[in-house]
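Take a look at the structure below.
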Number of protein chains: 2
Amino acid sequence: MVQMKFQSLKGFRDFYPEEMAARREVLDKIFNVVRRYGFREVDSPSVESMDLFRIKSGEEIVQQTFSFKDKGEREITLIPELTPTIARMVVDREKTLRRPIKWFSMPKMWRYEEPQSGRLREFYQLNVDIYGVKGPEADAEVLAVGIDLMLKLGLEGEFVFKISDRRFMQGALEGLGVTEVGPVFAAIDKRGKISPEEFKQLLATAGLNDFQMGKLIAILDTKGPITEALPKVKALLARNDTVVEGMTNLEKLAELMTMYNMAQYCEFDPAIIRGLAYYTGTVFECFDVKGELRAVFGGGRYDKIVGLFGGEDMPAVGFGMGDAVLEILMRRAGVWPQESITTDYYILTTKPQFKETETFLAQALRENNFVVEVDLQGRNFGNQMKYANAIGARHVLILGDKEMAEGKVTVKNMETGEQVMKEIREFLSSVGR
Amino acid sequence: MVQMKFQSLKGFRDFYPEEMAARREVLDKIFNVVRRYGFREVDSPSVESMDLFRIKSGEEIVQQTFSFKDKGEREITLIPELTPTIARMVVDREKTLRRPIKWFSMPKMWRYEEPQSGRLREFYQLNVDIYGVKGPEADAEVLAVGIDLMLKLGLEGEFVFKISDRRFMQGALEGLGVTEVGPVFAAIDKRGKISPEEFKQLLATAGLNDFQMGKLIAILDTKGPITEALPKVKALLARNDTVVEGMTNLEKLAELMTMYNMAQYCEFDPAIIRGLAYYTGTVFECFDVKGELRAVFGGGRYDKIVGLFGGEDMPAVGFGMGDAVLEILMRRAGVWPQESITTDYYILTTKPQFKETETFLAQALRENNFVVEVDLQGRNFGNQMKYANAIGARHVLILGDKEMAEGKVTVKNMETGEQVMKEIREFLSSVGR
């Protein structure tokens, strides 16, 4: 036998119990917030036909996926995102699904990309979507869920939602007489990472003259708190239909976010465009306030998705939030939960013949929903105490000669060190829930 | 655009909200039981190097997996089972991990097999393991978890754990002078599906004479309630070391299961051998009592696994339980949870201008951990009531002209039909948790 150590693949993670305990706490909080808004959990395959993703993202997606031919020569892939699957499920039951369709899910996804900070080959992504509602009430509800979960994770003051509407910037460029918007969008996307001169150069290459550039930069610079920024930018704009549709939506959205008492977490930022070609209205991304990290999450309205997958047209809005950047942000903010495990009761026995009483006690406590561990390997008193400490036992129940002779148990509070001997029966009825 | 409908791949499942609600209830119960025994959740990659699985299962496993070469030409696979990953994680930290290592996890797994009842290409499997404990106390604890979770799922009277020890049947055959045990084990494995004559023929082909056959069949026929069957089989056996080791283990295990008050769910069945070559002691499988289904789960002791993966020798015992057969059994027993969704409050508003009060009320209730839905699309009273019914709303809160004029809300109990009008403030403080 060759003795070799195996490793996990690059960009894939192992979570040991202490790490997982912290993650579970975070996941529970996230699920809890999403559920409160009436989103319903769904689950779906981790493997789908490659074509499902080509429909939305074209041939280039293939290079970014873990895709392969199965033994039946079908071209399949580990899912790189959830939206196509959700769209498939909606289309499959479009005749019978009750509207609005409010779904969430937080499955694993996989991307074949070079692993870096906040970008892994295997990650979890929360997806929250509303299908079937046209109005901004749905956009607002989805945004509220996102903001609420950041707050419940203890991130108040650490994040900002940057919001715009696809139609707004598109209409603004049309109004300025820009015909080919693609290169301009690309330039805007790069603006944060380059100098003002380089930005202007990109715009010039994209065919903008000085007047157009000045106007565009003025519009981009209106970004700021949503309730203040929208009136400002309105004054700068030529009013074509596209702009008006976008503005109307954003104004209504700002009004709704004020009702949610969440407008203070929302910034209007016309530079938010999002790479995906399929957004049709509201677009947003959530960033750390320091602007050091990738987007924590992003989303928006994509009313064409169901049609794209062969269904009747149906409006849709939602977001995706990966776990990797969120974890980095939470750690940086000092709100990642403590990585430790806890145990309600450790039962310490000093002789093998006490096993029967130990088992009786353990099972009675477990029936009352307590986490209970017992000795499995005949350790001595000191080593059992050490183990109890290591597993974060809140109480140690000692069954020694004296206790057993009297039908009692010593209950030691591990925080205070206090210990009292009690009748076993009396102890059990005192902890019964 | 070609309009086409996509489907999920064969052997993969979509879970819509109602289905998922039932599954979530089952999963929560399972996790809760396992946690009570002090097992700690871990998480690990869905994709591993193919070699990790070859080590344990040889080349033939490759044909049963979703395996492929990634874009870096590495031979990788969707995990077909969890044990190799867990062994890898244990070996990776063997110097520092506290013993006993008590881990659980319920990830997705994939097998490239023809889908049939209870066998899917993508499934969830609960894995519960104890590493680092040699004695039968660990075997008993693992068995107790398995039995406890079947009971908590409402399956009392529907299942039986069939238990044996690898060494027992091996030693018994040695004692009978059978040198090549492989074909005999294969025959025993088939016994339930063939006639007594066919069974004897297989044994004859395996080289057994009439005396050996008679003895073997007598041993196999001792199966029954564990506390009764063990003394019976003991009388039939030649006492070589291997048999004695197996018997001693099983007797101790039976004693421990009696302490757990769970011996009544355990049957001794010397025919339980398990296909996997790596079991070293206790082996068990859980079946439906009618014997109609595949094993609900199986496990045992496999003390060589850590050494196999390059670590220092470390004892290990555990089980795996897939979700597919469990679901079939629960449905057949009528204990699969109701597939429906519920909502604590639906807020019904009759005019758009009541949105602000609606939002205030909704957010206050959500802060108190209630699941709340509101109208997102300006539906009329009747349609909102229909929707509230469809989402299983326990209460509908009505904000109409009269209520709004008086700062009140009508609270309608959807079960009794009873409705009362209350001050909003008073209502909120009455439901505050």
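Each reported figure results from applying straightforward, stated rules to the coordinates on display, with no laboratory input. Quick caveat, the model's predicted, so the values are computed rather than measured. Here the Cβ positions follow ideal geometry from the backbone for every residue, glycine too, while neighbour counts run over all protein chains shown.
Phi angles of the stretch B:123-130 translate, via the Karplus equation with coefficients 6.51, -1.76, 1.60 and θ = phi - 60°, into HN-Hα couplings of 8, 9, 9, 6, 10, 10, 9, 10 Hz per residue; Gly and Pro are given as x. Taking the label point 7 Å along Cα→Cβ, A:Glu426 and its counterparts in the other copies are spaced 4.7 nm apart, in ascending order. Cross-link reach is defined here as a Cα-Cα straight distance under 15 Å, omitting same-chain residues fewer than 8 places apart; for A:Lys304 the aspartates and glutamates meeting it are A:Glu94, A:Asp129, A:Glu312, A:Asp313. Relative to its residue count, the stretch A:102-255 spans a Cα convex hull of 167 Å³ per residue. Projecting label points 7 angstrom from Cα along Cα→Cβ for B:Thr227 and B:Lys402 puts them 6.7 nm apart. Distance from the alpha carbon centroid of the stretch A:98-150 to that of the stretch B:211-234 works out to 58 angstrom. With the charge dipole of chain A set up from +1 on Lys and Arg Cβ and -1 on Asp and Glu Cβ about the Cα centre, the Cα lying farthest toward the positive end among the listed residues A:Met89, A:Asn413, A:Gly322 is that of A:Asn413. Semi-axes of the equivalent ellipsoid of chain A are 54, 25, 22 Å, computed as sqrt(5λ) over the eigenvalues of the C-alpha gyration tensor in descending order. The GNM of chain B, with springs linking C-alpha atoms under 10 angstrom apart, assigns the highest mean-square fluctuation among B:Lys234, B:Lys408, B:Lys304 to B:Lys408. For the protein assembly as shown, the fraction of C-alpha pairs more than 50 angstrom apart is 28%. Spin-label model, B:Gln377 to A:Asp313: label points 7 Å out along the Cα-to-beta-carbon direction sit 1.5 nm apart. Taking the Cα centre of the protein assembly as shown as reference, the dipole from Cβ charges on Lys and Arg (+1) and Asp and Glu (-1) amounts to some 0 debye. Copy B relates to copy A by a rotation, and the B residue whose beta-carbon is nearest that axis, with the distance in whole angstrom, is B:Phe68, 2. With respect to chain A, whose longest principal axis is taken over its alpha-carbon atoms, helix A:241-259 is tilted by about 30°. Directionally averaged projected area (the stretch B:224-343, Cα convex hull): 11.3 nm². Relative to the compact-globule estimate of 2.2 N^0.38 Å, the Cα radius of gyration of the stretch A:1-113 comes out at 1.34.
Sequence-ordered 3J(HN,Hα) estimates for the stretch A:221-237 from the Karplus curve with 6.51, -1.76 and 1.60 and θ = phi - 60° stand at 7, 6, 4, x, x, 4, 6, 8, 6, 4, x, 4, 6, 4, 5, 8, 9 Hz, glycine and proline given as x. Over the stretch B:343-431, the hull volume per residue, using the convex hull of the C-alpha atoms, is 86 Å³. Just how many % of Cα pairs in the stretch A:290-387 lie over 15 Å apart, if you round to the nearest whole percent? Everything past 15 Å amounts to 76 percent. Other protein chain C-beta atoms within 10 Å of residue C-beta, averaged over A:412-420: 0.
Near A:Phe297, the amide H atoms lying under 5 Å from its own belong to A:Cys286; only residues 5 or more places off or on other chains count, and H is placed 1.01 Å from N.
In straight-distance terms, cross-link reach from B:Lys29 covers every one of the lysines whose alpha-carbon lies under 20 Å from its own, apart from those fewer than eight places away in the same chain; here that gives A:Lys29, B:Lys102, B:Lys108, B:Lys152.
As a calculated quantity, the FRET efficiency between B:Ala218 and B:Asp241 at R0 = 30 Å, using C-beta atoms, amounts to about 0.90. Against the main long axis of the alpha-carbon atoms of chain A, helix A:136-152 sits at an angle near 40°. Each Lys and Arg Cβ is given +1 and each Asp and Glu Cβ -1; about its Cα centre, chain A then shows a dipole of about 280 debye. Placing a label point 7 Å from the Cα of A:Asn383 along the Cα-to-Cβ direction, the distances to the matching points in the other copies come to 7.1 nm, shortest first. Seen against the Cα atoms of chain A and their longest principal axis, helix A:196-205 is set at about 50 degrees.
Residue by residue through A:368-376, how many Cβ atoms from other chains fall within 10 Å of the Cβ on average? Per residue, the average neighbour count from other chains is 5. Charged side chains reduced to their Cβ positions (Lys and Arg at +1, Asp and Glu at -1) give the stretch B:343-431 a dipole of some 180 debye around its Cα centre.
Between A:Thr96 and B:Asn369, the simple label model (points 7 Å from Cα in the Cβ direction) yields a spacing of 3.5 nm.
Counting Cβ atoms of other protein chains within 10 Å of each residue's Cβ and taking the mean over peptide A:11-19 gives 6.
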